[in-house]
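Since the structure comes first, as structure tokens, the remarks are kept for the end.
Bear in mind that the values in this text are calculations on the coordinates, not laboratory data. As the structure is a prediction and not an experimental result, all values here were calculated from the model. Every residue, glycine among them, receives a Cβ derived from its backbone with ideal geometry; neighbour counts consider all protein chains shown.
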Amino acid sequence: MKDITAIIPNLLDQIRTRRPVVHAITNWVTGGDVANALQALGARPVLAVSSEEAAEITAQADALLLNLGTPDPDRIEAMLRSGRRANELGKPVVFDPVGAGASIFREEACRRILAELRIMVIRGNRAEIGFLAGRGGQLRGIDAVAGPEDMAEAVQVLSRQTGAVIVASGEKDLLAYGDIFLTWGNGHPLMTRVTGTGCMLSAVIAAFTAAGEDPLTAAATGLTCFKLAGRVAGRHANGPGTFKAGLLDRLYTLTPEDLRGSLELES
Amino acid sequence: MKDITAIIPNLLDQIRTRRPVVHAITNWVTGGDVANALQALGARPVLAVSSEEAAEITAQADALLLNLGTPDPDRIEAMLRSGRRANELGKPVVFDPVGAGASIFREEACRRILAELRIMVIRGNRAEIGFLAGRGGQLRGIDAVAGPEDMAEAVQVLSRQTGAVIVASGEKDLLAYGDIFLTWGNGHPLMTRVTGTGCMLSAVIAAFTAAGEDPLTAAATGLTCFKLAGRVAGRHANGPGTFKAGLLDRLYTLTPEDLRGSLELES
Amino acid sequence: MKDITAIIPNLLDQIRTRRPVVHAITNWVTGGDVANALQALGARPVLAVSSEEAAEITAQADALLLNLGTPDPDRIEAMLRSGRRANELGKPVVFDPVGAGASIFREEACRRILAELRIMVIRGNRAEIGFLAGRGGQLRGIDAVAGPEDMAEAVQVLSRQTGAVIVASGEKDLLAYGDIFLTWGNGHPLMTRVTGTGCMLSAVIAAFTAAGEDPLTAAATGLTCFKLAGRVAGRHANGPGTFKAGLLDRLYTLTPEDLRGSLELES
């Protein structure tokens, strides 16, 4: 793990210097939050979702984020077109399977996305990841109230099935990539009382996939930055309203030094 | 009224313990605000709007919110499908007729929703409620600049026509349910300078309809909680930006004790 | 320029008294920000985007804003229908060509909007304005990373081609209208790290076009108010999250006296 902890602070600097473009085909509930998180971090968002133009926008971006919240037939078509274009051009694709398993429509969309596209990172909550891994889990609305019995096994199975880095968010975050398995603790409870924190985390990870390091390093860096920003924001918040403003502030002011002082991966 | 004022604080506790799922088929302008208000309060939002999946999502939710802002043909179809499913399953339905009367398209959508669905609570501004009651009113954009001549009569007429609890928001909030007529005063003026406060109030009421009390108690509890949160937030705000963050903070920190100290229904 | 600097403070008062309705056919990423900016300033937003009702909503509004972010075929159709209605009724139309040049679909939409509608003000970033003027520029995502070689020439060419007031935003803002050419300096750097500030500025300008002064005065007033609010908000912000809340607060608390003390047009 020594390598990653040394690289993470440098990747943050790279994002701010290169300012990668992240094309986010995302939901309209938290689209503004996703765009603001990317901009606060130093990336450049573009949220084109119509199948009329999606692939052309992807071709000009550095990474593609597919977020399954508020799906409709045209948005799924746009995801598939953009995903294929990203795959052809060797651009990283991050998938956030919001509400996977909540409807047949989302189930079919997940099936096609995983079958037709090469995904670099999948980030979801415990129930969504459990569902994709075929290991169960329970959603209430879009919140996971239960994951699979053995969450660690589920993320590892899904990583082997897809070849992707898998991140399962929850009180503890789990990451699996091939034989590598990591966990992050110390999230802030307000994180779960603000809509869009999961979507923002996926977007932050997508920004780091554009930095040219390996998928594991990109996902670990995104998770480390986002959790640290959330933890500091949580200490100064009076509730979910001030927390979200503070989270964006912290993504903007976060320094490589902050990261060096706080790395706490458990493997 | 003694009964309600005793029950209101308990209902707030119930929401936080049970965390009901509210399926909101709502507009994309304030969808994030609606979701955040529900989460701050302690409920779980899900905002699926495509007719491909809406009814299936409703079947897993505890209450359904239909909000007429930014309507299009597919969203209206989703509202009707979800509403029918909610009715079949005995789940409460709350209707927020945003911009009712502003276009023929919205007029026709209102007509179908009221004719085809059984609604538990309708919450709108004075002009929207006046329009549904056939008593007139004047919108400018989506703001009511005038209600019917006799607003109290209009809410009572509409309640008798529909069987629903009617809440008309304004400087004073009016509630009618059959023969019962209540008013709430003391809103905060910033409430009208932030987009989405009406939508958030309707969502908060929807969360309380899932708590299993009668429709009147649910609506009265939502209104009481929301107004109190708004009043406290208003005292600490510098303008509409800090007001909205504060409103979410207060929905999160609101206690049953706060409610006991502030009940001020006028009947 | 004497005339404008005397009129600007009065126009702010007029907005707060008359509360014009701005119909914004805008994108779903920053739609909430656009609505909140209009309400904070004192205008009334309505964001109907379906072609089923758009023209009917425009007929009741005082100004129309067309924003090209997140376009799809029906939204472009709604823009054209509303634009034609606004032109027939003599209502001002403001155009924000978000991402112009980023896709063939947006290029074609721009071509139709400029060919079929009479636009009062066009506001975009340097690359978008450069593209519309046929003078080049480079977008990364929806950010301008380069404008035309001679930006001043481009805004003047586009004004002559379209008859519209042209505003090109950037570190310095440029405005051209026929032979008149003005610049504004002193923006705040956080303005570029918050999603939607460009969209909000266009909306604020649209509100002032409804105040009945000439196009130049309307655009200059909107720009002056927005930049001043942004500058003051920037002084008190800890990052982009608190900046956005502060920006809305300042649009609400801005006074004609503040404007009198800060006018700094360079001609």
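Assign unit charges at the C-beta atoms only (+1 for Lys and Arg, -1 for Asp and Glu), then state the dipole size of the protein assembly as shown relative to its Cα centre in Debye, rounded to the nearest 20.
820 debye
Rounded to the nearest 20 Debye, what is the dipole magnitude of region A:121-249 about its Cα centre when Lys and Arg each give +1 and Asp and Glu each give -1 at the C-beta?
Approximately 400 debye in magnitude.
Using a 10 Å cut-off around each Cβ of peptide A:51-63, what is the average number of partner chain Cβ atoms that fall inside?
Mean number of neighbouring Cβ atoms from other chains: 4.
Going by average Cβ density within 10 Å per residue, which order do the peptides A:199-207, B:47-55, A:112-120 take, highest to lowest?
Descending packing order for the listed peptides: A:199-207, B:47-55, A:112-120.
Give or take rounding to whole Å, what are the principal axis extents of the alpha carbon atoms in the protein assembly as shown, in descending order?
72, 70, 41
All other residues with a Cβ under 15 Å from the Cβ of B:Gln14 taken together, and with Lys, Arg as +1 and Asp, Glu as -1, what is their net charge?
0
Please compute, for peptide C:247-254, the average count of beta-carbon atoms on other protein chains lying within 10 Å of each residue's beta-carbon.
5
Sort A:152-164, A:125-137, C:26-38 by packing, meaning the average of other beta carbons within 10 Å per residue, with the highest value first.
By packing density, highest mean first, the sequence is C:26-38, A:125-137, A:152-164.
What fraction of the DSSP beta bridges in the protein assembly as shown is antiparallel, stated in percent and rounded to the nearest 5?
Here the antiparallel bridges make up roughly 40 percent for the protein assembly as shown.
Please report, to two decimal places, log10 I(q)/I(0) for region B:26-131 at q = 0.13 Å⁻¹ as given by the Debye formula with identical point scatterers on the Cα atoms and no solvent.
-0.43
To the nearest whole percent, what portion of all C-alpha pairs in region A:4-260 is separated by more than 28 angstrom?
That tail contains 24 percent of the Cα-Cα pairs.
For label points placed 7 Å from Cα toward Cβ, what is the shortest-first list of nm distances from B:Ala59 to its copies?
Relative to the other copies, B:Ala59 has label-point distances of 4.2, 4.2 nm.
Tally Lys/Arg at +1 and Asp/Glu at -1 over every other residue whose Cβ is under 10 Å from the Cβ of C:Val145; what's the total?
Its environment carries a net charge of +3.
Taking B:Glu257 in one copy and the same position in all the others, each labelled 7 Å out along Cα→Cβ, what are the pairwise distances from the first, in nm, shortest first?
Going from nearest to farthest copy, the values are 4.2, 4.2 nm.
Over what distance in Å are the Cα centres of region A:103-167 and region A:203-219 separated?
Value for the Cα centre distance between the two parts: 19 Å.
Can you give the helix-only mean residue ellipticity at 222 nm for the protein assembly as shown, where every DSSP H stretch with n ≥ 4 adds -39500 (n - 2.57) and the sum goes over all residues, rounded to the nearest 500 deg cm²/dmol?
Helix-only estimate at 222 nm: -16000 deg cm²/dmol.
Positive end of the dipole of the protein assembly as shown, charges at C-beta (+1 Lys, Arg; -1 Asp, Glu), about the Cα centre: which of A:Thr58, C:Ala164, C:Val145 has its Cα farthest in that direction?
About the Cα centre, the residue reaching furthest to the positive side is C:Val145.
Return the inverse of the average 1/r over all pairs of distinct C-alpha atoms in region B:180-267, which is the Kirkwood hydrodynamic radius, in Å to one decimal.
13.3 Å
Please report, for B:Asp3, the nm distances (one decimal) from its label point, 7 Å out from Cα along the beta-carbon direction, to the equivalent points in the remaining copies, shortest first.
6.9, 6.9
Arranged from highest to lowest average of other beta-carbon atoms within 10 Å per residue, in what order do the peptides B:211-222, A:218-229 appear?
Put in order of decreasing packing, that is A:218-229, B:211-222.
For peptide C:22-34, what's the mean number of Cβ atoms from other chains within 10 Å of each residue's Cβ?
Per residue, the average neighbour count from other chains is 6.
To confirm my reading of the symmetry, which residue of chain A has the Cβ nearest the axis that brings A onto B, and what whole-Å distance does it have?
That would be A:Trp28, 2, residue then distance in Å.
Amide H to amide H under 5 Å from A:Leu139: which residues, 5+ apart in sequence or cross-chain, H placed 1.01 Å off N in plane?
Sorted by chain and number, the residues that satisfy this are A:Val145.
In terms of the ratio Rg/(2.2 N^0.38 Å) built on C-alpha atoms, what value belongs to region A:48-97?
1.00
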